[in-house]
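Worksheet: the structure to be examined is printed underneath.
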Amino acid sequence: MQKYIITGGSRLSGELTLQGSKNSALPIMSAAMLGDGESVLKRCPALTDVYSASRILSYLGCKCTVADGTAIIDPAGSSGYEIPDDLMREMRSSIMFIGAILGRNGECTFSTPGGCELGPRPIDMHLAALRKMGADISDNGGRIHCRLNKRKAHGAKITLPFPSVGATENIILLAVCAEGETIVNNAAREPEICDLCSFLRKRGADIKGDGESTIVISGVDKLHGCEHTIMPDRIAGATYLSMTAAAGGEIILKNTCTAEMEPFISVLEQTGCRIYLAEDRIYLRSGARLRAIRDRIRTMPHPGFPTDSQAVLMAALVIAEGASVFEENLFDCRYRHTVALNKMGADIVVMGKVAVVRGVERLKGADIEATDLRGGAAMVVAALAAEGTTCLSGISHIDRGYEKFEEAVSTLGGKIRRV
Ligand code: EPU
């Protein structure tokens, strides 16, 4: 089990080029198995989740290589329709493949992803939508089999009870080659959905309305290959900004998506950090002690405050002047990092979906363990701002979502090493 040894207390300073987005790369890799032709994905981040997705594609019969920031995927000859249990367990986002597998092969077998470190992760919305589009679904002791009549889905009018990112993506993946028109109401509006749609449009798909609450997809007969650059990772961006805000110093983030990060930046700038924005760059300077955030920080679907940035911002606010209040509305168990932060001297009280963070003067290094991806990143943020040395285990969680993390932190002057 690898660990990070982090010595806090240094100011951070430097420039970073932001990695490609994990949550964009995964559904786009899944979308590459539809239709014909080779997809060349630039800025595909080197992450364990991306390698898991690549293993799923290869298992299903696609040719897939990921190297030097480029994924090349050719679905020619892919007729596999089962995702084995072990691959399903490796990555909860494997659920992202079911729309594409069904769309390509007319059937799909997979196991229920069950719960995960963020709490229960039901897939009822995914399955209800697939049913509406013509899938017969049976559950044999946790192995789910979906089958389309005549191997083809038909368009449908689907209103999601909640704007689920994954369910919206699976509907799009099945609808692009379905018979007729699909209308998704109350669709998720996350920027990664727009990136998926822009990739599919380059391949010949007919999709309108992504980024809004209603998406209309008209099925086409063919999709062809294309080249696409994965959008920047707004959550990794939020992590490096929070890190610099907490430790003090200055950072220039390049290859960012400023507009898409606005729900996070508009909160972060209330801490008193100076933030300047250009189209694809963000400059942040943090000098004096951070100020707490006055209004409750409520995680919400985009364009609300992103749940994936809750932990990293909290790690910065634990040393702010005054009290901040978080309300986590997306996941049941997304405050597990607070145990480690409290061990480092933070004062966080969790009551259900609310966490009250009373700013303390300083944190101190401790032996702690990452229990999920963003929570783990938050612990690094806190460790860099703390006095003394932190030993952080469980860093395989961080490898799922941050490309060359310790290299990036070291570039900024942070003292971190993997042992
Ligand atoms: N939900 C249901 N039923 C469903 C689907 C979702 O009840 O059929 C619930 C979930 O349990 C959750 C809420 O709806 O409470 C939101 O889930 P959503 O489907 O929107 O999330 P997701 O697609 O599973 C993606 C990201 C997450 C991110 C969420 C919310 C990927 C691969 N994952 O998950 O990213 O937190 O959207 O924005 O895109 C991360 O990167 O650390 C991460 C967890």
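Any read-out appearing in this document is the output of simple, stated calculations on the displayed coordinates, not a laboratory observation. All of these numbers come straight from a predicted model, not from anything done at the bench. Quick reminder, even Gly has a Cβ in these numbers, built from the backbone with ideal geometry, and neighbours come from all protein chains shown.
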In Hz, Karplus ³J(HN,Hα) per residue of the range 69-78 (6.51, -1.76, 1.60; θ = phi - 60°; x = Gly, Pro): x, 10, 9, 10, 10, 10, x, 3, x, 6
Exposed-site-free run, longest, the chain (rule: GluC sites (Glu not before Pro); DSSP loop; at most 13 other C-beta within 10 Å): 1-211
Segment V325-V220, extension gain: residue separation times 0.36 nm, minus the distance between their alpha carbons: 33.0 nm
Spacing of the two label points (7 Å from each Cα toward its C-beta) at R358 and R201, in nm: 5.1 nm
Where trypsin sites (Lys or Arg not before Pro) fall in DSSP loop in the range 121-211, at most 16 other Cβ within 10 Å: K152
Fraction of antiparallel bridges per DSSP, the chain only, in percent to nearest 5: 70 percent
Set of lysines with alpha-carbon distance to K364 below 19 Å, sequence-local pairs under 8 removed: K3, K343, K415
Karplus-derived HN-Hα couplings along the range 284-298 (A = 6.51, B = -1.76, C = 1.60, θ = phi - 60°), whole Hz, x at Gly and Pro: 10, 10, 10, x, 6, 4, 5, 9, 5, 8, 6, 7, 4, 8, 9
Separation in nanometres of the label points that stand 7 Å from Cα toward Cβ, at I252 and S79: 5.5 nm
Rg [Å, one decimal], Dmax [Å, integer] - the range 26-118, C-alpha atoms: 12.4, 37
Dipole-positive endmost among A366, H224, G20 within the chain (Cβ charges, Cα centre): A366
Given charges at beta-carbon only (K, R positive; D, E negative), |dipole| of the range 275-319 in Debye: 320 debye
With eigenvalues of the C-alpha gyration tensor scaled by 5 and rooted, the range 307-389, Å: 18, 15, 10
For A323, distant residues with modelled amide H under 5 Å away: G359
Gyration tensor (Cα) of the range 22-229, equivalent ellipsoid semi-axes in angstrom: 22, 20, 17
Cα-centred dipole magnitude for the chain, charges only on beta-carbon of K, R (+1) and D, E (-1), debye, nearest 20: 440 debye
Cut-off 14 Å between beta-carbons: net charge of the residues surrounding E321, Lys and Arg +1, Asp and Glu -1: +3
Dmax and Rg, reported as Rg then Dmax, of the chain (C-alpha, Å): 21.3, 65
